Amino acid sequence: MVELLSLTQSELREFLAPLDKSAFRARQVGEWLSRGRKIPEMTNLPAKLREQMSEIAVANPVSVREVRRSEVDDTEKFLYALPDGNIIEGVLMRYHHGDTLCLSTQVGCRMGCRFCASTIGGCARNLSPGEMLGQVACANRHIEADGRKVHNVVLMGSGEPLDNYENTVKFLRLLNAPERMNLSLRNVSLSTCGLVPQMRRFAGEGLPVTLSVSLHAPNDEIRRKLMPIANAYPIAEVVSAAREYVEKTGRRAIFEYALVRGMNCELRHADELAQLLRGLQCHVNLIPLNGVRERELMPPGRREAEAFLNRLELRHISATIRREMGADIEGACGQLRRSALDKDR
Ligand code: SAH
């Protein structure tokens, strides 16, 4: 089956050419695709063409299986089904700067971070560009009746986007394409655990996305305890690749730092982090660890987190503590998918 949402506009024209000679067909289909419609719903196409297309293609491979809405803050968590029976998840957050969709790039993840639920069952497979774009299309369709639209996209759901490099880059180009989502890449953040060669390659793609780097530690010793990837790339190289990204793209770098009790949140760790990031145009996002059922790690207390923040600011590092959203709906990475898998067993 061809996934129409994975095709660029010129690939779509090639796909349609043997079926229909009309010059405007690809434009019509493209409009329906960007609105998340299925082939039978493309009502301005001849019935015969829709039939022929349905035999060999699917418009959006993603369908919504369940939506949970947080009682606390209107955050919505989506559980999506894929054609091969896999399930993935995403979160839609309502911020003052617009609706923000957090999406998955792989089914599971193979990076093995110790605090993360997404990695527990390993990585089943990569998502296609259409399966990433399909998550945006589904969310848009879910909120269009309220006159809302996904305004920002963060690649912070399950999966390591740079471990699925080609598909992620094609997805970003489709997300930006005027014939598809027409979303400015300045409203997109890509989060990586720090795959250095891919970070360097990504800096050369000419895509103005914000790079978020999951640092989570001020030095290699602590980082290796939390993230196996730290055995492959030293922290100094990760920071230097982020620096190159900033220099090449003119975009800011964001460092994510999950605060883990007894591990990385003492004041001397804040000092070490400030030293590591000195002179780099960046922002540090402090995330009090979201306790995961399957994991033994815990967040620090509020006061310890605030002391860490103050210490970074004293050292002239711009930082904030991330506001927790959707805690009542298993908003953190991989949690809803895990509990759905548990239920299915
Ligand atoms: N693979 C990418 C993106 C996925 S996760 C990456 O590693 O950056 C998005 C962010 O959530 C990452 O910074 C990740 O480390 C963090 N994260 C995962 N589980 C978490 C948890 N239980 N508590 C707090 N942050 C978590």
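In region 89-114, the residue that is surrounded by the most Cβ atoms within 10 Å (Cβ to Cβ) out of those that are more than 12 Å from the chain's Cα centre (by Cα), in contact (Cβ under 8 Å) with a residue 60 or more places away in the chain and under 17 Å from Leu155 (Cα atoms) is Cys109.
For region 197-213, residues that are in a loop (DSSP other than H, G, I, E, B) and in contact with a Phe, Trp or Tyr (Cβ under 8 Å, 6 or more places away or on another chain) total 0. The residue that is farthest from Ala57 (Cα to Cα), counting only those in region 15-27 that are open to solvent by 30 Å² or more (accessible area, probe 1.4 Å) and within 30 Å of the chain's Cα centre (by Cα), is Arg27. Output yes when any residue across region 77-96 is closer than 28 Å to Ile222 by Cα and within 15 Å of the ligand (Cβ to nearest atom), and no when none is. Within region 77-96, none of the residues are closer than 28 Å to Ile222 by Cα and within 15 Å of the ligand (Cβ to nearest atom). Going by the conditions given, is Glu266 more than 19 Å from Gly194 (Cβ to Cβ), among the charged types (D, E, K, R) and at pLDDT below 95? Considered against the rule, which asks whether it is more than 19 Å from Gly194 (Cβ to Cβ), among the charged types (D, E, K, R) and at pLDDT below 95, Glu266 comes out as no.
Listed by first and then second residue, the pairs with beta-carbon distance under 8 Å, at least 6 apart or on different chains, first residue in region 188-217 and over 19 Å from Leu276 (Cα atoms), second within 12 Å of the ligand (Cβ to nearest atom) and assigned to a helix (DSSP H, G or I), are Leu190/Pro161; Leu190/Leu162; Leu190/Thr168; Ser191/Pro161; Gln198/Leu162; Gln198/Asp163; Phe202/Leu162.
Candidates Ala230, Ala217, Ala203: the one that is modelled with pLDDT of 95 or more, farther than 30 Å from Gly36 by Cβ, under 19 Å from the mean Cα position of the chain (by Cα) and of a type in the set (A, V, I, L, M) is Ala203.
The one condition from (1) over 13 Å from the mean Cα position of the chain (by Cα); (2) open to solvent by 10 Å² or more (accessible area, probe 1.4 Å) that Asn187 does not meet is (1). Scoring Pro83 on the criteria (1) exposed (fewer than 15 other Cβ atoms within 10 Å of the Cβ); (2) in the same structural domain as Asp146 (by TED's automatic domain parsing); (3) more than 18 Å from Phe171 (Cβ to Cβ) leaves a single failure, condition (3). Restricted to region 214-321, the set of helices (runs of 4 or more DSSP H) holding at least 3 residues that are within 15 Å of the ligand (Cβ to nearest atom) comprises 220-226, 235-249. Cβ separations smaller than 8 Å between residues 6+ apart or across chains give the following pairs from region 236-252 residues that are assigned by TED's automatic domain parsing to the domain that holds His283 to residues that are open to solvent by 70 Å² or more (accessible area, probe 1.4 Å) and in a loop (DSSP other than H, G, I, E, B): Val246/Arg252; Val246/Gln281; Arg252/Gln281. Only residues that are among the hydrophobic types (A, V, I, L, M, F, W, C) and within 25 Å of Ala241 (Cα to Cα): list them for region 150-174, please. Passing the criteria: Val153, Val154, Leu155, Met156, Leu162, Val169, Phe171, Leu172. For region 39-66, a tally of residues being exposed (fewer than 15 other Cβ atoms within 10 Å of the Cβ) and under 23 Å from the mean Cα position of the chain (by Cα) returns 3.
Among the residues in region 162-177, are any open to solvent by less than 10 Å² (accessible area, probe 1.4 Å), of a type in the set (S, T, N, Q) and within 12 Å of the ligand (Cβ to nearest atom)? Scanning region 162-177, I find at least one residue that is open to solvent by less than 10 Å² (accessible area, probe 1.4 Å), of a type in the set (S, T, N, Q) and within 12 Å of the ligand (Cβ to nearest atom), so the answer is yes. Restricting Arg25, Arg50, Arg69, Arg35 to those that are closer than 19 Å to Asn176 by Cβ and either in contact with a Lys or Arg (Cβ under 9 Å, 6 or more places away or on another chain) or outside the structural domain of Asp163 (by TED's automatic domain parsing) (or both) reduces the list to Arg35.
The values are calculated or read from the model by the stated rules, or taken from the named source; none is laboratory data. These figures come from a predicted structure and were not determined experimentally. Cβ coordinates were reconstructed from backbone atoms using ideal geometry, including for glycine residues, and neighbour counts include every protein chain displayed. Just the protein is used for accessible areas: all its heavy atoms, side chains included, with ligands, DNA and RNA removed. Shrake-Rupley method; radii C 1.70, N 1.55, O 1.52, S 1.80 Å.
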